[in-house]
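Here's the structure we're looking at; comments come further down.
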Amino acid sequence: MSDQLPPPPHAPHHPQAGLPTYPGPAQDPGCGYGYGPQAPQRMPGVVRAAQIITWVLAGLTVLGSALAVAVVNPETGGAALGVNLCLLVTAGMAFRFGGVGNGIRVTCIVLMSVQIALGLGGAANGNPVGLLPLLGAIAVVILLSQGAAGAWFKRPRAHG
């Protein structure tokens, strides 16, 4: 590498034969003069996956609770909703993942961690139905703990 500066943006860039070319800021959209790394413009896949998992699990929880009320008894259906309350709250919060800050990510991680503890308690008592919310909560915690998820929730937003 040499200590030469890149040519100014208005000057034509004609590399000499045999010398490496400089892929300056005009060709490299990942960085610019003093702007640093760019914030993600689209929701990362890990955040979208966490959203979908929570929505699907919440839907299955509500459906299973309604089925338990109809088939078994209302107490069992209410217990199924109560045990999965953290999951249901997280599913509601997932609707806001597109426009809120890092606090909602941390809150969802905490709620899903409580859901994991409740799921482990249910599994220890021999309740196999609680394994699906347990595995889903583990997946959501892992997904929301990724760097891409942190960058998404910490990105700058236009206030308007």
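Values quoted throughout were computed directly from the atomic coordinates according to the rules given, and no laboratory measurement underlies them. If you're wondering where the values come from, they're calculated on a predicted model, not measured in any experiment. As a convention, Cβ positions derive from the backbone with ideal geometry for all residues, glycine included, and neighbour counts pool all protein chains shown.
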Gain in span if fully extended, Arg42 to Leu131, counting 0.36 nm per residue against the direct Cα distance:
28.8 nm
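By how many nm would the segment from Lys154 to Ile52 lengthen if fully extended, with 0.36 nm per residue of separation less the alpha-carbon distance?
Fully extending the segment from Lys154 to Ile52 adds 34.7 nm.
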Highest first, please rank the peptides 130-138, 143-151 by the mean number of other Cβ atoms sitting within 10 Å of their residues.
130-138, 143-151
Name the trypsin sites (Lys or Arg not before Pro) in segment 65-160 that are in a loop by DSSP and that have at most 14 other C-beta atoms within 10 Å, would you?
Arg96, Lys154, Arg157
Classified through the alpha carbon gyration tensor (a ≥ b ≥ c as square roots of its eigenvalues; rounded if a/c is under 1.5, else prolate when a/b is larger than b/c, else oblate), segment 69-160 comes out prolate
Looking only at segment 112-149, which residues have a backbone nitrogen under 12 Å from a spot 7 Å from the Cα of Leu60 in the C-beta direction?
129-139
